[in-house]
Amino acid sequence: MISLQIGDEVTYQNKMLNSMGEDFDKTGDILGGTIKKLGQIARSPNGWWMLWLMAFVVVVVMYMILSRLF
């Protein structure tokens, strides 16, 4: 009885781990595409200013999120 429950739990955990692996792969692909686009922006005229502006916005948003948590 207990061995069947352990087997079911192991099967469930393996499915979850496989799903997480697929999600990490998708996220890595999206991040890679984003990095390529940022590289294109940086090479364009005035691209560095755009990158600094995006970094500033990210920092402000993170500050707002973290200030609400703590």
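The values are calculated or read from the model by the stated rules, or taken from the named source; none is laboratory data. If you're wondering where the values come from, they're calculated on a predicted model, not measured in any experiment. Quick reminder, even Gly has a Cβ in these numbers, built from the backbone with ideal geometry, and neighbours come from all protein chains shown.
Numbers for the structure displayed
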| quantity | calculated |
| --- | --- |
| Members of segment 42-70 that are of a type in the set (Ser, Thr, Tyr), modelled with pLDDT under 90 and under 23 Å from the mean Cα position of the chain (by Cα) | SER67 |
| Verdict on ILE65 being out of contact with any Phe, Trp or Tyr (no Cβ under 6 Å at 6 or more places or on another chain), surrounded by 10 or more Cβ atoms within 10 Å (Cβ to Cβ) and part of a helix (DSSP H, G or I) | no |
| Test: residue in segment 6-18 that is loosely packed, with under 10 Cβ neighbours inside 10 Å and of a type in the set (Gly, Ala, Ser) | no |
